[in-house]
1. What are the ³J(HN,Hα) values, in whole Hz, obtained from phi via the Karplus relation 6.51 cos²θ - 1.76 cosθ + 1.60 with θ = phi - 60°, for each residue of the range 16-28 in sequence order, with x given for Gly and Pro?
2. Quick check: convex hull of the Cα atoms in the range 127-293, volume per residue, rounded to a whole Å³?
3. Go through the range 172-180 residue by residue and turn each phi into a ³J(HN,Hα) via Karplus (6.51, -1.76, 1.60, θ = phi - 60°); whole Hz please, and just put x for glycine and proline.
4. Only Lys, Arg, Asp and Glu count, each charged at its Cβ (+1, +1, -1, -1), so figure out the dipole size of the chain about its Cα centre, rounded to 20 debye.
5. Got a sec? Charge dipole of the chain, +1 on Cβ for Lys and Arg, -1 for Asp and Glu; which of 124, 179, 193 is way out at the positive end?
6. Please list 3J(HN,Hα) in residue order for the range 130-141, calculated via the Karplus relation 6.51 cos²θ - 1.76 cosθ + 1.60 where θ = phi - 60°; whole Hz, with x for glycine and proline.
7. Would you give the gap between the C-alpha center of the range 1-52 and the C-alpha center of the range 205-234, rounded to a whole Å?
8. Roughly what % of DSSP beta bridges within the range 127-293 run antiparallel, to the nearest 5?
Amino acid sequence: MAVRGRGLVGVDLGGTKTALALMDDRGEVVARDVFATQAADGVEAWLERAAAAARRLAPAGVRAVGVGAAGQVDPSGVLVATANVGGWRGINLGARLGERLGCPGTTDNDAKVELMAELDRGAARGCRTALLVAVGTGIGGAIALDGRVYRGAHGFAGEVGHAFVAGGDRPCGCGRAGHLETLASGTGILHSALERARGRPDGVLAEELRREPGARAVFAAARRGDADAQEVLDAAADLLGGSIAGLVTVLDPEVVVLAGGVAAADDAFWRRARRAFEGAVHPTLERTPWRPAALGEGAGAIGACLVARSLVA
């Protein structure tokens, strides 16, 4: 392990698993670890498991620790609202973990740390302005301006999933209705498909949903030629493409980075979204490149290492 002295630890908190990475003083990731999040055990139990994993990674000590978490994180690093670990609110997980490890620590939003990683060594490397759109169970996002992730006055900048879209009336997890993620996320696609399948219980879409009750079933049904599934996916792709067009028109980024499970699901879906984008965006911007995120599932922990590095730079 090429760590001279204490290393930087990044922690990517997920609803199912927590991933860690150790970064040396050259910025290289030299070790990784993972453990089951088990959010139902509570925050203190998770902090103990995370501290134990960090000590295993960095037996010489931890210089600083960063945590990436889904949900709204305020500028001080406090988790205001969470998306995947229940009621863990009002706490700076990174700072609390740092107390256990004897080092500084803080927390940032998961999409923001992912964009930090993609800027540093991934799909947005070398760019000064970038937009990341993460489409998975929900829809997250992040913005980079002048080479740095922009957080906004309340830490909410880049939350594209909560942008209002016309024609949407489903309630969002935030308590409002008509937000993009209620229609175009993996969950939104599933809900639309379930509505369609109720009218055709013997159809291909209903059959796929019985086999696997998730958004992947909708893509599978579309590949089998099911018209209902295709219409659901086309509607979601059009909403995503149009929403990205609006953001690109305002921000004029050098690149749009696509992340998340749905982002990797189906080329035809994203070709449709791209056509919707090009038909809606200002002509000056229609060649703005879209690139898949380059760092995969490791991006969150890498970005969290970079958050840690910012505390001691």
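Throughout, read-outs are computed from the coordinates displayed, never taken from laboratory work. Here the structure is a predicted model, which is why all the values come from computation and not from measurement. Glycine also receives a Cβ, built like all others from the backbone with ideal geometry; neighbour counts cover every protein chain displayed.
1. Per residue, the Karplus-derived 3J(HN,Hα) values read 9, 9, 10, 10, 10, 9, 10, 10, 8, 6, 9, x, 8 Hz.
2. Numbers: hull volume 18.1 nm³, N = 167.
In the range 127-293, the Cα convex hull volume per residue is 109 Å³.
3. 8, x, 7, x, 9, 10, x, 8, 3
4. Values: 35 positive and 36 negative charges, 137 e Å.
For this selection, approximately 660 debye.
5. 124
6. Result, ordered by residue: 7, 10, 10, 10, 10, 10, x, 4, x, 10, x, x Hz.
7. 37 Å
8. Working: 11 of 19 bridges.
Of those bridges, close to 60 percent are antiparallel.
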